[in-house]
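Report on the following structure.
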């Protein structure tokens, strides 16, 4: 009898531990991957432009779906995107409130980074799916359940040790559960720190906080408050050309840092803090009807520093004129070798040279006449040749979200909701560091040279020759306003043989630009409000699952919807003027998938075929063109994309302790139209090209592996420990292309036999590669407390030459394509993440 | 479990099949074709030239390999290309020193270019290096044609090898040139040097003052020279591509003087010459007045008025021990009244002209008769000085009331 009891207790404990340890693995891996830019990441090119880190892979790892969770764990490091979709197709929510950025449409992980104890509790589904929270897109959704009463009661302290974005993380979480006074409180906070991350010259300092309070008034009404934020300061990593990686022998070469007085300094410091607050009202009207309403408010700062220079040499070490290849000359190999050697051995050549910039700034005595627009006001001092400026994109957003669901009877459930948001981003530059100089003058250095009219050079006509000191706004200053109203309705039905659902969506989007300064080049169109662009969109979706038996199921899903273009793609040159892209229209998505699922206790499988067509997309990119000395903006309209492929997920419990799982996908993500591109300059009215036809059909969208496979095994020991490994294989990664190279104009002057034709049109495919990840953990129960240790080692074989993505530079020389080679990024070598946690 | 291998993988395999059938060719903008008939050889291109310049209006192309580039700076806005049939000069609208290199195979699109004759040189002009020249591949080998100087002679109006890369064997620069540099790197003038074969046939090597080897002393030995053949009116000349093209390391046929200082490097003191002011501060300087870009040493104490001076110009030490019949000769010219220039010799130079015992050999030389008429000194016998440490010195003196202007050039020591 006693033995029997003991066995029972042990069994109970074991099952509990098993569940726990699995969860912990999920948690730790989610941490491991937060730096990487996985499934729903931005394109690599925008990374170069320092867009926010949009990693939401963490949200998917704990998915119930085998394929999704394996992909979330193992494909993150290679910029994998589920079904090739961009991040805007995935909805991230908290308590049902969408968190996606209103300008780009993307969910931005960084805003709630470090709150893993909270974000772990979420519900995720991928693909076209029913949802009682909103209409959703083709990518699926995750809803973080931040309600205090839903948090597990208890306390948790954890410390993690890693070698990636950060080295140390301390996290504390406490939840009261629903107390006798009908109050529930959850607090979570964390600190993350790295003096220098995995990549040389990077650093990380982040804190996060989360507070959720809920008061249950009665069986019908509960009121909750949630507030969270994640102030983070971090140093950036560049993406560079093969030559720089080759010269340094380091595929994580980072051109953003350099020495200043013997100390490493990163020129790209990201400084963000965008807290969010929400009030939630949970109204249980009756046993079958719920009405949940939220009010939310977000505000805060998004800053990104970078170098700027005036009348001085480009300081970036990997700028093409600073690389040895620029000096390559078959008749004078010595010079080339000298530069190569210098680049390899002299840190001030290989990296930024801040001391040199300080020196240049200290030797530039200059007088500005009529400074600040005051006649006769002469300012004399060292005019900055080099500065560090901060690009700011501060936000303010408030809105409401209400969802309703009602279970009609045993078969039907109705749901619906309305979301409304008023969003404004404030975009401007602030002078961050004069690097020893006395002032900077707010004029466009190129416009100044090009136009006889002196006022054309002024970025702010109201304060000509504006003298800028540390902390002053300059360069540009505009707001983007987005107003969005979104409603949906859905019916779901469940029966013995068939489950089905159907949904409808209507939305209205209005956006406009408000210029806050009058630019000298565009005096008529830079200040004040632009035209208000408004879009009415709708969508339908539906799906059905047919249960052949309880074990074998066939499902189909389909959707058709239109979506407003994102405001970020809508303006020709938002930094300088109100001009809107010609032919701007809503994009149209048609998508469907077919699924075959097998569900045995010991064997689970999902096999999916999917097809998605996106039409009339707008595609925009900006880059700094040193020959024009300004930002050049590419805008493509009429971009059609096709995503099709298969997914397979398998899970097989060979024994109670051994589990084998597999995920496989193969896709073909292509452009299927000939869009038109218009190219503009920030500092000129004239267009570099207008409605140029781009021959883009059947080119790969690229930037991610189209084929990926993972096979893994996990052993759950009866003695409360587990260990496992995953082998992952990636192929068919194409680099993202420059549309301008696929135009008739680019091929002008060439004949079919010229090698330039092939060089211009060829889309590079990156090498296949594989990784091996291992993980393990152990837990102990000490009285009522649990102590756990988890360790993950990713890429244990330390593969460092795996290029995970890249893009063709928008600047190109059609005669010599290698002059501006593609920029590539490589996977980290071996990384680890080890965590110890204590639950009480 | 009821499933078999088949029902798991069959739909999957079917999916893959459908899927692979969907892979399509990449799109391409329309690309111009180049029909066979639109390709002309360089030889037939040259034959198009009759009496007048021709500007091409149709899409013709020539293919060729770059034989000479702009890297050394001896060519500027100019390339030479050659195919199996002939060669031609490309005269460009801009420099292409970072674009095209020797050994690049290129296509030249002729539309808009002009085939013209300038000073009897046939060339393609108006060539935009970024538009008209399209690189095909790199690293092509070019073997120069071995020819003799006689082969290069003008036949009719043109040299038959115009524009081609040729190699001359068993040639040497004439003695008068081997003490000079290839061109004038200071004033950046082009200069001619003369190559001679063993039969005494000569040809000009013309180099740019901007070339990287303009300041290099002409090679003194005998051997081979690789160069591009160009033509200026009725003169055939060679254009070097780089210093490596000159392989003159063998022993000469024509023996040159033991030493010559011709001042073509525009330096008074190069080669160990020194000057010394005993009185006043008048000094020797380089001049080329009235001598068509050849340089000499000059001294004058007149600048508005005369200044009293005594200035020495001392040669480096010569070892004449093993010279059978050493002689010295030089050129002189002068004008205006004043003390004559003195020539001294010593075998025991102390480093200080005032403490050295000098022998005055002024009277051994024939001096200029005045009016800046150059005079050869005649052979001054040095057989009394067949030893080491022999130095010569010119002493110039002037007073506050008068002084001549003296010019000295081609100071030569030879074995008679």
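Per-structure values
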{"read-out": "Options A:804, A:771: the member that is at pLDDT below 90 and either out of contact with any strand residue (DSSP E or B) (no Cβ under 9 Å at 6 or more places or on another chain) or crowded, with 22+ Cβ neighbours inside 10 Å (or both)", "value": "A:804"}
{"read-out": "Given (1) on the phi > 0 side of the Ramachandran plot; (2) within 12 Å of chain B (Cβ to nearest Cβ), index of the condition residue A:629 fails", "value": "(2)"}
{"read-out": "Residue tally, condition within 19 Å of the chain's Cα centre (by Cα) and in a strand (DSSP E or B), over the range A:126-158", "value": "6"}
{"read-out": "Residue that is farthest from the other protein chains (Cβ to nearest Cβ), among those in the range B:50-104 that are surrounded by fewer than 17 Cβ atoms within 10 Å (Cβ to Cβ) and in a strand (DSSP E or B)", "value": "B:54"}
{"read-out": "Members of the range A:272-292 found to be assigned to a loop (DSSP other than H, G, I, E, B) and either surrounded by 15 or more Cβ atoms within 10 Å (Cβ to Cβ) or touching a strand residue (DSSP E or B) at 6+ places or on another chain (Cβ under 6 Å) (or both), listed by number", "value": "A:274, A:275, A:288"}
{"read-out": "Residue under evaluation residue A:335, criteria (1) modelled with pLDDT of 90 or more; (2) part of a helix (DSSP H, G or I), criterion not met", "value": "(1)"}
{"read-out": "Residues located in the range A:557-581, provided they are more than 22 Å from the chain's Cα centre (by Cα), under 22 Å from residue A:508 (Cα atoms) and in a loop (DSSP other than H, G, I, E, B)", "value": "A:578, A:579, A:581"}
{"read-out": "Hits in the range A:234-271 - residues which are in contact with a strand residue (DSSP E or B) (Cβ under 7 Å, 6 or more places away or on another chain), farther than 12 Å from residue A:350 by Cβ and assigned to a strand (DSSP E or B)", "value": "A:234, A:235, A:241, A:264, A:265, A:266, A:269, A:270, A:271"}
{"read-out": "Test: residue A:795 is in contact with a helix residue (DSSP H, G or I) (Cβ under 8 Å, 6 or more places away or on another chain), at positive phi and more than 11 Å from chain B (Cβ to nearest Cβ)", "value": "yes"}
{"read-out": "Scope the range B:214-258; condition part of a strand (DSSP E or B), out of contact with any helix residue (DSSP H, G or I) (no Cβ under 7 Å at 6 or more places or on another chain) and crowded, with 17+ Cβ neighbours inside 10 Å; matching residues", "value": "B:222, B:223, B:224, B:228, B:230, B:231, B:237, B:238, B:239, B:246, B:248"}
{"read-out": "Failed item in (1) over 32 Å from the mean Cα position of the chain (by Cα); (2) closer than 22 Å to residue A:437 by Cα, with residue A:411 passing the rest", "value": "(2)"}
{"read-out": "Qualifying strands (runs of 3 or more DSSP E) (wholly inside the range A:634-711; at least 1 residues being within 9 Å of chain B (Cβ to nearest Cβ), at pLDDT 90 or above and surrounded by fewer than 19 Cβ atoms within 10 Å (Cβ to Cβ))", "value": "A:689-693"}
{"read-out": "Matching residues, the range A:735-749, being at the interface with another protein chain (Cβ under 7 Å from one of its Cβ atoms), surrounded by 22 or more Cβ atoms within 10 Å (Cβ to Cβ) and closer than 17 Å to residue A:620 by Cα", "value": "A:742"}
{"read-out": "Within the range B:137-166, tally of residues that are outside any loop (DSSP other than H, G, I, E, B), within 22 Å of the chain's Cα centre (by Cα) and within 17 Å of residue B:67 (Cα to Cα)", "value": "5"}
{"read-out": "Residue count for the range B:137-148, restricted to those that are at pLDDT below 95 and either more than 10 Å from chain A (Cβ to nearest Cβ) or crowded, with 16+ Cβ neighbours inside 10 Å (or both)", "value": "4"}
{"read-out": "Any hit, the range A:750-765, residues being within 23 Å of residue A:246 (Cα to Cα), away from chain B (no Cβ under 14 Å) and surrounded by fewer than 16 Cβ atoms within 10 Å (Cβ to Cβ)", "value": "no"}
{"read-out": "Residue in the range B:111-122 that is assigned by TED's automatic domain parsing to the domain that holds residue B:204 and buried (at least 20 other Cβ atoms within 10 Å of the Cβ) present", "value": "no"}
{"read-out": "Residues located in the range A:580-626, provided they are surrounded by fewer than 17 Cβ atoms within 10 Å (Cβ to Cβ) and within 14 Å of another protein chain (Cβ to nearest Cβ)", "value": "A:599, A:600, A:601, A:602, A:603, A:611, A:613"}
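Residue by residue, here is whether (1) more than 25 Å from residue A:566 (Cα to Cα); (2) in contact with a strand residue (DSSP E or B) (Cβ under 8 Å, 6 or more places away or on another chain); (3) surrounded by 19 or more Cβ atoms within 10 Å (Cβ to Cβ); (4) touching a residue at least 60 places away in the same chain (Cβ under 8 Å) holds:
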position	(1), (2), (3), (4)
A:379	yes, yes, no, yes
A:384	yes, yes, yes, yes
A:394	no, yes, no, yes
A:437	yes, yes, yes, yes
A:440	yes, yes, yes, yes
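The values are calculated or read from the model by the stated rules, or taken from the named source; none is laboratory data. The structure displayed is predicted, hence computed values, not measured ones. Cβ sites come from the backbone with ideal geometry, for glycine too, and all protein chains shown count toward neighbours.
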